[in-house]
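The values are calculated or read from the model by the stated rules, or taken from the named source; none is laboratory data. These numbers were taken from a predicted model, which means no experiment stands behind them. Every residue, glycine among them, receives a Cβ derived from its backbone with ideal geometry; neighbour counts consider all protein chains shown.
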């Protein structure tokens, strides 16, 4: 959807969960010598000002990364995530927030491949200027779902795929499921990360179950589902209650890392007494 701009939401509680999981997955991928490809179907602008009018319209980062910024008691995985955000800010105050491509660029090695897709012309232009000159990097203005046919399987037979649409259109839920099925058909060993908003919608509630069925049928290393609920439902059913990360073929360390980290996030990011988390996994 070309009207969507992630700058309004950069650094919120959903970004914290998404980028915590992404950083942990990429850290584990980098432990093997063989290079891998990182593919982002909805890459955005790559980075976002937290001092501009977009971020300050809702100040969502104040309920996300800002609550972690100066704490000294964060678990190790969260400390790593916060350190990456500090590196993106040049070690200074919290003025900018890195998008998923920036986290990937900080964590990928020289031989790894970065493949970024973004439809919005303004965000694509910013992303191209930011990362387009890096070696082994391709920034394309195009449909990331359609690009999977040409990207999978990657040359090294090692890959991470992030699927993170806006879900402003309900058809995105159908497209995500179709993309996951296609990715697994083309490259069953691919590590696939899907971000899912927690909304008062049937489509939002059903997608994790449908992804589980797809992974059960095709993924050799199973799946993991992590959900962080921070807000109460609005009486009219509006608003983002939390979010999920669904990981297919997850690194074997990810479950234990999140088991230690999610309770902390509930305490720090929760906005009501019923804030909670869900962590479930099925190994192949």
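Residue check: is residue 128 under 20 Å from the mean Cα position of the chain (by Cα), over 18 Å from residue 26 (Cβ atoms) and surrounded by 15 or more Cβ atoms within 10 Å (Cβ to Cβ)? Criteria met by residue 128.
Looking at the structure I just gave you, is residue 39 at pLDDT 95 or above, touching a strand residue (DSSP E or B) at 6+ places or on another chain (Cβ under 8 Å) and under 18 Å from residue 123 (Cβ atoms)? So residue 39 fits the description; yes.
Kindly list the number of the only condition in (1) assigned to a strand (DSSP E or B); (2) touching a helix residue (DSSP H, G or I) at 6+ places or on another chain (Cβ under 7 Å); (3) within 30 Å of residue 121 (Cβ to Cβ) that fails for residue 224. Here residue 224 meets the rest and fails (3). Of all the numbered requirements in (1) more than 23 Å from residue 9 (Cβ to Cβ); (2) under 18 Å from the mean Cα position of the chain (by Cα); (3) surrounded by 17 or more Cβ atoms within 10 Å (Cβ to Cβ), residue 117 misses one, and that requirement is (1).
Among the residues of the range 74-99, write down those that are within 21 Å of residue 229 (Cα to Cα) and touching a residue at least 40 places away in the same chain (Cβ under 8 Å). Hits for the range 74-99 are 74, 75, 77, 78, 81.
Taking residues in the range 203-216 that are over 16 Å from residue 190 (Cα atoms), and partners anywhere that are assigned to a helix (DSSP H, G or I), the pairs with Cβ atoms closer than 8 Å and at least 6 places apart or on different chains are 203/173; 204/173; 206/173; 207/173; 207/176; 207/177; 210/177.
For the range 200-221, the candidate set comprises residues that are at pLDDT 95 or above and assigned to a loop (DSSP other than H, G, I, E, B); within that set, the residue that is surrounded by the most Cβ atoms within 10 Å (Cβ to Cβ) is 219.
Can you find a residue in the range 135-146 that is under 19 Å from residue 250 (Cβ atoms), in contact (Cβ under 8 Å) with a residue 40 or more places away in the chain and in contact with a strand residue (DSSP E or B) (Cβ under 9 Å, 6 or more places away or on another chain)? Checked the range 135-146: no residue is under 19 Å from residue 250 (Cβ atoms), in contact (Cβ under 8 Å) with a residue 40 or more places away in the chain and in contact with a strand residue (DSSP E or B) (Cβ under 9 Å, 6 or more places away or on another chain). Beta carbons closer than 6 Å, at least 6 apart along the sequence or on distinct chains, pair a first residue in the range 152-175 that is more than 21 Å from residue 24 (Cα to Cα) with a second that is at pLDDT below 95 for 166/1; 166/4; 168/1; 168/4; 169/1. One residue stands out in the range 68-96 among those that are in contact with a strand residue (DSSP E or B) (Cβ under 9 Å, 6 or more places away or on another chain) and under 25 Å from residue 259 (Cβ atoms): the one that is surrounded by the most Cβ atoms within 10 Å (Cβ to Cβ), namely 85.
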